[in-house]
Amino acid sequence: MNQSDRKEFDLIHNKIDTITQSIAELKTEMDKAHERVDENLKFIKENLFDPHKGLWAETKQNTQYRQEAKKWRYGVGIGLISLVVKNIWDTMVG
């Protein structure tokens, strides 16, 4: 092996070391990024599907409120219509 071959070998060896180091740094950065994504997904999952305070619970409460309000709406509506009809009848008869 002559001097020029040795320089090329050292140059290639340094490039391989640099690439290996870059790959290791990239792997570390990707691991950190995946941890952040996991944390964000966990946060989203908790906010959506937590049965006590998540979006799922709010949707359930909204549905329950609408069902209860529907019961009252029919009763109040029938009472209001009957009062209007009574007033019209009293005005016509009275």
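Scanning the range 12-70 for residues that are in a helix (DSSP H, G or I) and among the small types (Gly, Ala, Ser) turns up Ser22, Ala24, Ala33, Ala57, Ala69. Against the criterion of being surrounded by 10 or more Cβ atoms within 10 Å (Cβ to Cβ) and not aromatic (Phe, Trp, Tyr), Lys60 qualifies.
Since every read-out is calculated from the coordinates, none of them should be taken as a lab result. Small disclaimer: the values here were computed from a predicted structure and weren't measured. Neighbour counts are summed over all protein chains in view; Cβ atoms, including those assigned to glycine, are modelled from backbone coordinates with ideal geometry.
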